[in-house]
Amino acid sequence: MDRIPILKVGDCLLVTIQVDMHDELAMSLQEDLTSQIAKYASRGVLIDISSLEIVDSFIGRMLANIAAMSRVLDAQTVLTGMQPAVAITLVELGMALPGIKTALNVERGMELLKAYLNQDVEPEETEIDGAQE
Amino acid sequence: MSRLRTDRMSAFQEVIKNNEAAILSGWMNELAGSTRRSDLINDADLQRQASELLRLFVDAAQTTSDVQSEAFAGTREFLKEITKSRMEQGFSPAETAMFILSLKQPVFNALRATVKSSSDLMDEVWTSGDLLDKLAMLTVTTAIGYREQTIVRQQEEMMELSTPVVKLWDGVLALPLIGTLDSARTQVVMESLLTAIVETNSQVAIIDITGVPTVDTLVAQHLIKTITAARLMGADCYLSGIRPAIAQTIVHLGIDLNDVQTKAKLSDAFALALSRLGKTVVNVKTAPTKAKEV
């Protein structure tokens, strides 16, 4: 069975979704990711969905669930590279994903995670921290 | 009705055929009286159109009295052409319809002179009146269709004109909205903003609603959707250009904008965007010592 690779980068886990998500794949990703977070005691999770072009309510809920589960395991989730069409679909489905931090691309997402990991106080303020000169 | 038409095939058709010249002159008199717009069309054109139409009409009426039939195709086409040119010249749909309806009187006069029996006369008047009414309806339909085409075209033009996404700074986009927002427009606005965010790799987008006359619950919902979608993509979205009256309306309607960063003016939102990007604007002369933060 296909599995989505999960890469360990320092304190963080990097997940790039490059195939069309089907429900089974989403469920296995959820399981793999939680066990990996627990195994490596990761503090951050970065999920890149720039190749994802179709979402439905199930995938939307799965993303929200992953973020919530990571939260319970004390890891911050950042979602990067969402396509306009996907964003519109999620909004129309009423899934604003309030608990998830977002960034335009992986680079910015990593900066956001680093900033969050470096200063654990007031994590809410680091939502967009694109100060890159 | 069908019995009546087949029985009396002769009378009405023959009358208009035999009296074509008289009917035309009578028609011209009628046109000169009630619906003449000498400022919009000259006599020669009117005469030419009327005689051409009457000729087509008389020919077609010889075979059938069904306006939708093949025989009337030429008449219908010519009438549509006339209607279109009239609309372009500035005639109202009523004036265009009166062009056809004023043919009734001369046709009726000709019938009265020819048909003796009063019950036959009634039948013929009904047949001819019915026919002319349908042709008049055709002009009205054509006129309205022409107007609707104009409206659709203008809507499209407005849609294209009214959703520019401008780049204020490296990483800062602005979307100045002008005019009322409806669902269709919001969709276009949302798509163009989100696409621009991806293309320019912008972290901040400012939606300026100075030009939006009213904000009701629907418009607010559309705005919140757009802002949420931008956030999902990883860009911050500020709302600016909120006039005092609109601020009052928003509160009175109970619209929740707590999750949205709002500013009264575009300049304020831009200043916030710059500070979010970690940039400052400094006075050139005092730059080295006194860096004034925006």
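Looking only at helices (runs of 4 or more DSSP H) that fall completely inside region B:181-294, which ones have 1 or more residues that are touching a residue at least 24 places away in the same chain (Cβ under 8 Å) and acidic (Asp, Glu)?
Details: elements: B:183-200, B:217-232, B:244-252, B:266-276.
Here the list reads B:266-276.
You will find that of B:Ala205, B:Ala174, B:Ala196, the residue that is modelled with pLDDT of 90 or more, surrounded by 17 or more Cβ atoms within 10 Å (Cβ to Cβ) and more than 14 Å from chain A (Cβ to nearest Cβ) is B:Ala174 and no other.
Among the residues of region A:73-84, those identified as farther than 17 Å from A:Gln18 by Cβ and either surrounded by fewer than 19 Cβ atoms within 10 Å (Cβ to Cβ) or facing chain B (nearest Cβ under 8 Å) (or both) are A:Leu73, A:Asp74, A:Pro84. The set of residues in region A:18-36 being of a type outside the set (D, E, K, R) and within 20 Å of A:Leu73 (Cβ to Cβ) consists of A:Ala26, A:Met27, A:Ser28, A:Leu29, A:Gln30, A:Leu33, A:Thr34, A:Ser35, A:Gln36. Listed conditions (1) within 37 Å of the chain's Cα centre (by Cα); (2) loosely packed, with under 14 Cβ neighbours inside 10 Å; (3) hydrophobic (A, V, I, L, M, F, W, C) are all met by B:Val281, apart from (1).
Within the option set A:Leu90, A:Leu113, A:Leu63, A:Leu104, being touching a residue at least 40 places away in the same chain (Cβ under 8 Å) and crowded, with 20+ Cβ neighbours inside 10 Å holds for one residue only, A:Leu113. Scanning region B:122-178 for residues that are among the basic types (Lys, Arg), farther than 19 Å from B:Leu103 by Cα and within 32 Å of the chain's Cα centre (by Cα) yields a count of 2.
This table checks each residue for (1) in contact with a helix residue (DSSP H, G or I) (Cβ under 6 Å, 6 or more places away or on another chain); (2) at pLDDT below 90; (3) part of a strand (DSSP E or B); (4) under 15 Å from A:Val86 (Cα atoms).
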{"residue": "A:Leu14", "(1), (2), (3), (4)": "no, no, yes, no"}
{"residue": "A:Thr34", "(1), (2), (3), (4)": "yes, no, no, no"}
{"residue": "A:Ile47", "(1), (2), (3), (4)": "no, no, yes, yes"}
{"residue": "A:Arg61", "(1), (2), (3), (4)": "no, yes, no, yes"}
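The values are calculated or read from the model by the stated rules, or taken from the named source; none is laboratory data. Bear in mind the structure is a predicted one, so any value in this text is a computation, not a measurement. A quick note on method: Cβ atoms are made from the backbone with ideal geometry, for glycine too, and the neighbour counts reach across all protein chains shown.
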